[in-house]
Amino acid sequence: MPEQDNVKPDIYHPGQGKQLISPSDAIARKPDFFSSRPEDVNWKLRIRHLNGKIEELPAGTDWEAISRFGSVRSAVVTKPDGTPDFDRPRYDEAPNINAVAWGQDKTTGEIKIGIITQARPHADNVFEKTNEPMMFESVPMGFMNKIVAKDDITRLENKGEAATREVMEEAGAQTVLDITHPEFGSHYPNPTYTGTTSEVVFIKVDLDNVNKMKTDKSELIYKVDYIPLKQVLADIKAGKTERGYARMATSNSVILMFLSTLSAYQNAERNEKILTKQGEIRKTLKEKDKVAYARRMEEEAIITHPDRAKEITSRTDKYVNKIHPETKAEKKPGHETAVVQPTPATEKRTVQKTSNIVDRARRFLFGK
């Protein structure tokens, strides 16, 4: 068997997998592979010539149909021991991307996804009796273009560049805020016959700077709507809306991948808000009550390092006595937070005021 690792697929080598070989190789391994099978299970290539004559090539012929956008090649799948098992052509696509264009409403914080309405003439409509092209709800997708780099060398766009361009062209985005990629950031449209993948990219856009009337009739794209996540899921559940059929498997797969990463994003956003609020509380305490601030830091440090509780408390007590040498810091019975006994220098500050500030901080940070 010829070595196929890192070999670019061609008419002789339909793929890199060790269990995928050409029909001619299958015959070399098992001469009666095709002839011993029922005639209707063998894949055969039929060609209609310009003169109208139809020619059928015999089973076992190696063939391919190719363009810069992809290829279809004859192929045979083998058993683990290398003997031919069944034949099925393999379809490959040129490098391409599937992107989720998403953003957040600046007023409500609601996440919305850009859904385009696009016609797909290849699809037969099994839901309605019509010969009109089916209209699908879809995320932006397209092939990577060749570009000229700064060194005048022509190269393909990377997936971030291609996704950004497609989102701007198809989803009307004018401002890109962030570009992220999921783990294992490629997916297979249908690996039962497709050998190549589509790169998956998530593009965060500014929803206040979107051309919602964006259309591209050359690609049969008629409109784009940025809709809430709950509406995206409602569309998929319904199957069809005014935007089209929500039954495009590749698009729905990308949306599912995006949803699977959303909790991490939302947790990060929530943590950022908590840390910001925590910083504001610390700043308020530090400005208004340094003793309460010190005790707040003491409490947080003990939670993080419980094995050093005595050391932390001792150091905090020294700090409190340093900034208020005329007072003695002590723990209020039944309360984790220290208060300062009133003296002439602090008689205007009440214990209740200090306790309320710290209690509010504790309830916000720890829910108690």
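Just so it is clear, none of the values below were taken in a lab; they were calculated from the coordinates. In this text, all values refer to a predicted model and were calculated from it rather than measured experimentally. We place every Cβ from the backbone using ideal geometry, glycine too, and count neighbours over all the protein chains shown.
Quick one: dipole size for the stretch 4-126, taken about the Cα centre, charges +1 on Lys/Arg Cβ and -1 on Asp/Glu Cβ, in debye to the nearest 20.
Details: 17 positive and 18 negative charges, 43 e Å.
For this selection, approximately 200 debye.
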Point to revise | Per residue convex hull volume, Cα atoms of the stretch 1-82, in Å³ | key: 109
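Can you give the alpha-carbon Rg of the stretch 1-140 over 2.2 N^0.38 Å, where N counts its residues?
Details: Rg = 21.4 Å, N = 140, 2.2 N^0.38 = 14.4 Å.
The reported ratio for this selection is 1.49.
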Point to revise | Where N is the number of residues in the stretch 158-217, Cα Rg divided by 2.2 N^0.38 Å | key: 1.31
Practice item. Report the net charge of residues surrounding residue 234, where surrounding means a beta-carbon distance below 15 angstrom and charges are Lys +1, Arg +1, Asp -1, Glu -1. Key: +1
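Looking at the stretch 19-112, which chymotrypsin sites (Phe, Trp or Tyr not before Pro) are DSSP coil and have at most 14 other C-beta atoms within 10 Å of their C-beta?
Values: sites: 33, 34, 43, 63, 69, 86, 91, 102; in loops: 33, 34, 43, 63, 69.
Of the chymotrypsin sites (Phe, Trp or Tyr not before Pro), the ones in loops of the stretch 19-112 whose Cβ has at most 14 other Cβ atoms within 10 Å are 69.
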Check your understanding: Sequence-distant or interchain residues sharing an amide H contact under 5 Å with residue 200, placed H: which?
Key -> 98, 186, 187
Revision key, fill the gap. Over the Cα atoms of the stretch 72-201 the radius of gyration and the largest Cα-Cα distance (Dmax), both in Å, equal 18.9, 63
Review point. Running Debye on the stretch 125-186 with equal point scatterers at the Cα sites and no solvent, what base-10 log of I(q)/I(0) appears at q = 0.18, 0.19 Å⁻¹?
Key: -0.82, -0.87
Check your understanding: When the Karplus curve 6.51 cos²θ - 1.76 cosθ + 1.60 is applied with θ = phi - 60°, which whole-Hz ³J(HN,Hα) does each residue of the stretch 290-305 get, with x for Gly and Pro?
Key -> 5, 5, 4, 4, 4, 5, 5, 5, 4, 4, 5, 5, 5, 4, 6, 10
Check your understanding: List the trypsin sites (Lys or Arg not before Pro) in the stretch 106-215 that DSSP assigns to loop (not H, G, I, E or B) and whose Cβ has at most 16 other Cβ atoms within 10 Å. Which are they?
Key -> 106, 129, 150, 212
Study note, to complete from the structure: For the stretch 44-140 the GluC sites (Glu not before Pro) that pass both the DSSP coil test and the at-most-12 other-Cβ-within-10 Å test are 128
Review point. Once amide H atoms are built 1.01 Å from N in the peptide plane, which residues 5 or more positions from residue 115, or in another chain, come under 5 Å H to H?
Key: 225, 226, 227
Check your understanding: Whose amide H sits under 5 Å from the amide H of residue 147, counting only residues 5 or more places off or on another chain, with H placed in the peptide plane?
Key -> 155, 156, 157
Practice item. Using the Karplus curve 6.51 cos²θ - 1.76 cosθ + 1.60 with θ = phi - 60°, work out ³J(HN,Hα) for each residue of the stretch 102-113 in order, rounded to whole Hz, and write x for Gly and Pro. Key: 9, x, 10, 5, 5, 8, 9, x, 5, 8, 10, 10
Practice item. Please give the net charge around residue 198, taking every other residue with its beta carbon less than 10 angstrom from that of residue 198, where Lys and Arg add +1 and Asp and Glu add -1. Key: -1
